[in-house]
Amino acid sequence: QVKPFPNGFLWGASTSAYQVEGAWNEEGKGPSVIDKAIFDAELSDFKVTSDHYHHLEQDVALFAELGLKTYRFSISWARLFPQGSGEINPKGAAFYQRLIDLLYAHNIEPLVTLYHFDLPWALQEKGGWSNPETVTAFEHYARTAFELYGDRVKYWLTINEQNMMILKGEVIGTLPPGTADPQKVLYQQNHHMMLAQAKAMIACHQLLPNAKIGPAPNISSVYPASARPEDVLAANNFSAIRNWLYLDLACHGVYNAVAWSFMKEKGYLPCITDEEMALLRRGKPDFIAFNYYASATVGADDSAQAREQGEPSKAVDQQMAGIDTSVYAGMNNPYLKKNQFNWYIDPVGFRITAREIYERYRLPLIVTENGLGAFDQLEAGNKIYDDYRIMYLQKHLEQLQLAISDGVEMFGYCPWSAIDLVSTHQGIGKRYGFIYVNRDEKDLKDLARFKKKSFVWYQRVISSNGAN
Ligand code: BGP
């Protein structure tokens with residue numbers, strides 16, 4: 001029997017600071033790794049993006065009209081601390097205060113990510129996550145955010161998609177190009193991020209006894225390419241490395257056996273002390289947030305049968321691009337369709353993923369990203385008919401409701417994204433928002449906001465508590 005969405009369910013939508021705010025060097029903001037990175041010259045950079053920084057009132061009023069119960073945004077660490085630590089930037093602090101005040105005035109619960117890919121450049125110059133000083137800087141930054149905004153913010157997220165920063169280190173991580181022995185460096189960075197996260201969770205519980213905090217990895221079910229035991233083993237291995245490594249550390253303070261032996265065999269083991277492991281065991285999340293776009297399908301690297309079913313898909317399956325495929329191969333999944341950007345669409349996988357996470361950790365869950373990137377068209381009368389997005393979200397919501405009916409404790413759903421913003425590396429043309437922002441890759445036009453068809457659809461979903 002299908003259960004209704006629980007009362008008080010947090011219907012939301014998400015953004016991240018560097019992708020939506022713009023004002024990249026205004027009012028005291030320091031540069032981040034994003035401001036120094038080199039992206040495709042044909043595509044939009046991150047200087048203006050959707051210019052949310054200068055459209056704050058208008059955007060929050062639109063979020064309120066949409067009916068959001070929660071809005072997930074990130075604080076730009078370099079806006080608060082231009083040097084990553086040390087002197088605070090009062091104008092940066094005031095910007096987020098204003099945002100939180102506006103959300104409160106509209107009865108929208110803020111859901112705040114502390115760190116979403118945009119490490120302050122000043123820290124990166126000193127070694128970034130390879131340098132343990134970054135752990136101390138993160139703890140200080142997190143404590144400051146708790147002190148500044150803790151009276152209004154109940155829900156906190158530590159680090160967005162830490163697993164993707166490690167798995168795709170050269171694409172969205174903080175690994176300098178050309179680093180020798182990149183995987184070893186990345187697993188050391190991962191360990192430092194874990195320590196930073198544990199310290200932030202401990203500090204949050206000390207300073208804000210009523211607040212709740214959790215990690216926000218990207219979690220996907222991993223399917224074996226066939227019933228061949230070697231493929232099943234490869235899928236099992238990949239899931240341990242891609243998914244559970246991060247959540248086992250966040251929730252239980254342990255490296256799982258499969259991930260540990262993988263790192264050992266490859267020579268990727270980080271330097272770890274007993275005190276650090278004790279710290280990881282002390283830092284506990286109150287909930288798990290996860291981002292889900294698609295499932296993954298892998299086979300054993302030597303699997304002839306899997307090869308027959310599909311080419312090892314580094315070039316085809318964008319989800320696997322950039323991931324170290326030394327013990328498994330990303331395979332095509334003939335049962336799934338793909339979107340315009342070659343990402344698989346798998347709503348049933350969403351239900352499976354939610355069940356897997358809940359069964360393993362027994363913590364309340366919230367979805368902090370899920371959505372469809374597409375080249376939306378602005379039609380006459382400033383209309384955007386994004387039926388494909390409605391279809392994607394509707395099918396995922398059906399599966400979410402089934403997961404809830406299965407017994408998964410789910411307290412919110414925040415699709416990506418509340419408003420159009422610049423994709424991680426595919427420009428503004430790859431849109432996800434309920435609200436259209438009138439600009440092209442290079443032509444900023446008037447940055448006007450238009451409601452898409454999906455806006456009206458989601459408004460109805462929220463007002464009917466998911467009945468749509
Ligand atoms: C997640 C990130 C987001 C976001 C989204 C869509 O990995 O947390 O920041 O952008 O994916 O990805 P993309 O922009 O690459 O299409």
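The values are calculated or read from the model by the stated rules, or taken from the named source; none is laboratory data. Quick caveat, the model's predicted, so the values are computed rather than measured. Glycine gets a Cβ as well: all are built from the backbone with ideal geometry, and neighbour counts include every protein chain shown.
Output the residue which, of all residues in region 155-181 that are within 14 Å of the ligand (Cβ to nearest atom) and of a type in the set (Val, Ile, Thr), is surrounded by the fewest Cβ atoms within 10 Å (Cβ to Cβ).
Selected residue: Val171.
Taking only pairs six or more apart or across chains, which ones have beta-carbon atoms under 6 Å, a first residue in region 409-423 that is in contact (Cβ under 8 Å) with a residue 12 or more places away in the chain and under 22 Å from Lys212 (Cα atoms), and a second residue that is part of a strand (DSSP E or B) and within 11 Å of the ligand (Cβ to nearest atom)?
As it stands, the answer is Cys414/Ser14; Cys414/Arg72; Cys414/Thr368; Trp416/Ser14; Trp416/Glu369, since those pairs meet every condition given.
Could you list, in sequence order, all residues of region 324-361 that are part of a loop (DSSP other than H, G, I, E, B), within 16 Å of the ligand (Cβ to nearest atom) and touching a Lys or Arg at 6+ places or on another chain (Cβ under 7 Å)?
The answer is Phe341, and nothing else.
Is one or more of the residues making up region 438-446 over 21 Å from the mean Cα position of the chain (by Cα), within 16 Å of the ligand (Cβ to nearest atom) and surrounded by fewer than 17 Cβ atoms within 10 Å (Cβ to Cβ)?
For region 438-446, residues over 21 Å from the mean Cα position of the chain (by Cα), within 16 Å of the ligand (Cβ to nearest atom) and surrounded by fewer than 17 Cβ atoms within 10 Å (Cβ to Cβ): present.
Can you pull out every residue in region 200-252 that is in a helix (DSSP H, G or I), within 17 Å of Phe287 (Cα to Cα), of a type in the set (Gly, Ala, Ser) and in contact with a Pro (Cβ under 8 Å, 6 or more places away or on another chain)?
Ala250
In region 362-415, how many are of a type in the set (Val, Ile, Thr), over 24 Å from Leu111 (Cα atoms) and within 15 Å of the ligand (Cβ to nearest atom)?
0
Across region 278-309, what is the total count of residues that are buried (at least 24 other Cβ atoms within 10 Å of the Cβ) and at pLDDT below 75?
1
Can you tell me which residues in region 182-204 are without any contact (Cβ under 8 Å) to a residue 60 or more places away in the chain and surrounded by fewer than 20 Cβ atoms within 10 Å (Cβ to Cβ)?
If the condition is that a residue be without any contact (Cβ under 8 Å) to a residue 60 or more places away in the chain and surrounded by fewer than 20 Cβ atoms within 10 Å (Cβ to Cβ), then Pro182 is the only one that fits.
Would you mind stating whether Tyr432 is out of contact with any Gly (no Cβ under 9 Å at 6 or more places or on another chain), under 24 Å from Thr113 (Cβ atoms) and among the hydroxyl-bearing types (Ser, Thr, Tyr)?
No, not satisfied.
For region 65-154, which fully contained helices (runs of 4 or more DSSP H) count at least 2 residues that are more than 21 Å from the chain's Cα centre (by Cα) and away from the ligand (no atom under 16 Å from the Cβ)?
Passing ranges, in order: 90-105, 121-124, 133-149.
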